[in-house]
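Input: a single structure, listed below in structure tokens.
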Amino acid sequence: MTGLARDGGLYVPEHWPRFSEEDLASFAGLPYPELAVRVLIPFVGEDIERDTLRKIVRDAYRGFHHKLIAPLRQIGPNQWVAELFHGPTLAFKDVAMQFIGPLLSHLLTERNQHATVIGATSGDTGSAAIEALRGREGLEVFIFHPKGRVSDVQRRQMTTVLDDNIHNIAIDGTFDDAQAIVKGLFNDSAFRDERNLSGVNSINWARVMAQCVYYFSSTIALGAHSDRRVNFSVPTGNFGDIFAGYAAKQMGAHVGDLLIATNVNDILVRCLTTGRYETHSVIPTISPSMDIQVSSNFERLLYTAGGRDAAKVVSQMDQLRGTGSFVVDNLGLSEIRKDFLASRVDEATTSQTIGRLWSENGNLIDPHTAVGVAAAHERSDDLSGPTVTLATAHPAKFPAAVQEATGIEPQLPDHLSDLFEREERYDELPNDLAAVKTYIREHTAL
Ligand SMILES: *Cc1c(COP(=O)(O)O)cnc(C)c1O
């Protein structure tokens, strides 16, 4: 229910549940929602009854426009993409968020509670949260996006939702500023309790949990087993999506190497290469959902791969806040390198990759997906066996970059074709925590 833990850290399971080979074999052929139930059960335990969980999950995936939810498409020899963009807002974030919506509703109703949901977005989290939570009783939703730094499609997907419980705010700053505001709100215990704050950023464990499922579905669909693992190339920003792959691997899924694919905002690539995690300033790119410097979920990996030493992570996070950097020790780094590779993809290569896939086989891919495909291509010698790149957004969500690379204007699916005629509603606020608190108090009906 809460995003951030009260001590400022992130929640991590005490241990990884582990599926046996027989369990995995029994997952083969299950419809996606049923597979999701099986994968989620160990995390949910007795807190939600099986049938209720089944209902929540069915509810979650009803709004998808592809029956397989996360279909695979082959793009080359040993190369696939997993299309995760068939949800209502055309980005992979729907896969988790559509689950969070009915889950949160269920828990609040059961506890007879209200909640204020807050989230910072570089574009896609916001619309996914808004679509999942619009009109839901007992919930006020405040979504902060960096003013002028999200695409028109992304902004309109958020600001044209006019339900009374949805509040869009353009913050005069970067995504990291917006994310710092959300952390600031959570770290104010009095405010947190007064509003019963809940978070839906990728630091929310329930999101990571829901994202594990497509690593299972993809490895199973490709017939993976312990001697033929499937690698994943994951366009990475906040490290939530790829951390879910790591979690799935710990749980027994036949995941091979995990390739962290970043754009020129490459803090993770530099960290895996040198051991130093050091923030620079954010560079705007054609894959804006990955234009971040602080990759929040990496903290989870530092903990789980670093010997579960909480004190060490606390000190690393303190150093990051104080000096803008910290060092991962050699032990931690070699542990991380067992599962992860990292590649940085520049803007020209991203664009060429969109063009290449279009001319090779008529596939239109969005710039985020292109970062993943380019990284998998560049590192193909290091990756043995099949590689799946997660296609994190529909090409029509980022039409300018796709048109520039291919000359083709990608079309929005029917359910969004009138997006540019819809009325918009949002407010602008300075990058100032106090102003944001006042705004939330003044705009809450509960
Ligand atoms: C959010 C997002 C990403 C990055 O995912 P993380 O979990 O933050 O690493 C990549 N691509 C798209 C399209 C996104 O919306």
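One table, with the values for the structure above:
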read-out: Residue match in region 321-335 (condition: surrounded by fewer than 16 Cβ atoms within 10 Å (Cβ to Cβ), out of contact with any strand residue (DSSP E or B) (no Cβ under 7 Å at 6 or more places or on another chain), of a type in the set (Val, Ile, Thr) and free of Cβ contacts under 8 Å to residues at least 60 places away in the same chain); value: yes
read-out: Selection status of ALA180, at pLDDT 95 or above, touching a helix residue (DSSP H, G or I) at 6+ places or on another chain (Cβ under 9 Å) and surrounded by fewer than 24 Cβ atoms within 10 Å (Cβ to Cβ); value: no
read-out: Neighbours by Cβ (under 6 Å, 6+ apart or cross-chain): first from region 361-379, under 19 Å from PRO284 (Cβ atoms); second more than 14 Å from the ligand (Cβ to nearest atom) and part of a loop (DSSP other than H, G, I, E, B); value: none
read-out: Number of the condition not met by GLN316 [criteria: (1) of a type outside the set (Val, Ile, Thr); (2) surrounded by fewer than 19 Cβ atoms within 10 Å (Cβ to Cβ); (3) part of a helix (DSSP H, G or I)]; value: (2)
read-out: Output for region 122-159, where each listed residue is surrounded by fewer than 21 Cβ atoms within 10 Å (Cβ to Cβ) and among the polar types (S, T, N, Q); value: SER151
read-out: From the options LEU383, LEU433, LEU429, LEU390, residue that is among the hydrophobic types (A, V, I, L, M, F, W, C), under 30 Å from PRO77 (Cβ atoms) and away from the ligand (no atom under 16 Å from the Cβ); value: LEU383
read-out: Test: residue in region 364-378 that is more than 15 Å from the ligand (Cβ to nearest atom) and exposed (fewer than 15 other Cβ atoms within 10 Å of the Cβ); value: no
read-out: Cβ pairs under 6 Å, 6+ apart, first in region 111-128 and closer than 19 Å to GLN98 by Cβ and of a type outside the set (A, V, I, L, M, F, W, C), second more than 9 Å from the ligand (Cβ to nearest atom) and assigned to a strand (DSSP E or B); value: GLY119/ILE143; THR121/ILE143; THR121/HIS145; THR125/GLY119; GLY126/ILE143; GLY126/HIS145
read-out: Residues (within 19 Å of ALA348 (Cβ to Cβ) and either of a type in the set (Val, Ile, Thr) or away from the ligand (no atom under 12 Å from the Cβ) (or both)) located in region 277-301; value: ILE283, PRO284, THR285, ILE286
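The values are calculated or read from the model by the stated rules, or taken from the named source; none is laboratory data. Every value quoted in this text rests on a predicted model; they were computed, and no experiment measured them. FYI the Cβ positions are ideal-geometry reconstructions off the backbone, even for glycines, and counts take in every protein chain you see.
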